[in-house]
Amino acid sequence: MPNSRQVVYEVLEIYDEISRGYAYWRSRAWELVRVLRGGVVLDLGSGHCINGLQIALTREVKYLVCADIAPSMLVEGRKLLNKKGFLKADFIAADATRIPLRDSVVDSLVSIALVHHLPREELIEVAKEVSRVLKPGGLALLTSWSKRQLRFVKQTIVNCLARLLGIRKSFEYRVKWRTRRKTYVRRYFLYEVNELKKVTERAGLKAISAGYVSRSNSLNSFVVLTKNTYS
């Protein structure tokens with residue numbers, strides 16, 4: 001397995017290639033984003049920013065920042081927001097482990113289906129960055145695919161055996177994305193609710209809600225987080 005930084009670069013390369021198809025197939029925002037309040041909103045790992053846009057259209061939003069590691073995803077996001085007439089937005093090509101924003105400037109942060117692309121050491125860095133940019137009392141929503149799905153049973157068994165034999169330390173999953181030209185194999189690291197809570201709490205965040213939600217035939221872990229006023 002490549003090191004954690006190489007995994008991040010893999011994510012960039014694949015999503016830069018599949019951006020148009022991804023924007024077409026992921027055309028509906030998640031209902032979960034309704035828990036967020038508005039204000040200055042950061043959609044982290046935004047893809048084409050469908051979830052950030054949903055918040056912008058249903059809440060009092062001062063400004064929206066769509067941040068994704070794949071520039072072509074942001075091109076699709078700009079098209080979408082222009083089509084919907086929401087112009088108070090910036091599009092930033094950024095690594096989620098190094099968010100290019102000042103400390104304590106974000107009221108609402110949404111990160112849908114980002115962290116399951118990252119090994120644990122990268123997830124820890126993302127949690128630290130979320131804690132850094134979030135205002136005291138602000139809210140953040142993070143989701144990950146759960147490994148508690150039938151389609152992942154075989155891979156989970158293989159992961160368990162590999163760990164027992166000392167071949168692999170972390171659980172790794174592979175999921176295919178097919179286009180007309182090529183089939184891409186995406187690397188996943190799936191996190192359960194308790195894992196997300198543990199990592200984010202160590203970063204100075206507090207989970208105020210957590211659980212599982214079904215979405216597009218997938219089971220997802222989620223946590224809603226806030227930052228204490230003394231963080």
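The values are calculated or read from the model by the stated rules, or taken from the named source; none is laboratory data. Computed from a predicted model, the values in this text were never measured in an experiment. Cβ sites come from the backbone with ideal geometry, for glycine too, and all protein chains shown count toward neighbours.
Points worth noting:
- Among the residues of the range 108-128, those identified as surrounded by fewer than 21 Cβ atoms within 10 Å (Cβ to Cβ) and under 21 Å from LEU36 (Cα atoms) are ALA113, LYS128.
- Condition met for SER216 (exposed (fewer than 15 other Cβ atoms within 10 Å of the Cβ), modelled with pLDDT under 95 and within 17 Å of ARG120 (Cβ to Cβ)): no
- Residue among VAL199, VAL185 that alone is at pLDDT 95 or above, among the hydrophobic types (A, V, I, L, M, F, W, C) and either over 26 Å from ASP107 (Cβ atoms) or assigned to a helix (DSSP H, G or I) (or both): VAL199
- Matching residues, the range 19-56, being surrounded by 20 or more Cβ atoms within 10 Å (Cβ to Cβ) and among the small types (Gly, Ala, Ser): SER19, ALA23, GLY45, SER46, GLY47, GLY52, ALA56
- Within the range 147-175, being part of a loop (DSSP other than H, G, I, E, B), more than 30 Å from PRO100 (Cβ to Cβ) and not aliphatic (A, V, I, L, M) holds for LYS147, ARG148, GLN149, GLY166, ARG168, LYS169, PHE171.
- Only one of the listed residues (SER104, SER108, SER144, SER131) is in a strand (DSSP E or B) and more than 25 Å from ARG187 (Cβ to Cβ). That residue is SER108.
For every residue, the table says whether it meets (1) more than 22 Å from ASP95 (Cα to Cα); (2) of a type in the set (Lys, Arg).
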site	(1), (2)
ARG120	no, yes
ARG151	yes, yes
LYS154	yes, yes
CYS160	yes, no
GLU172	no, no
ARG178	yes, yes
LYS182	yes, yes
ALA203	no, no
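- So VAL75, is it assigned to a helix (DSSP H, G or I) and farther than 21 Å from LEU109 by Cβ: yes
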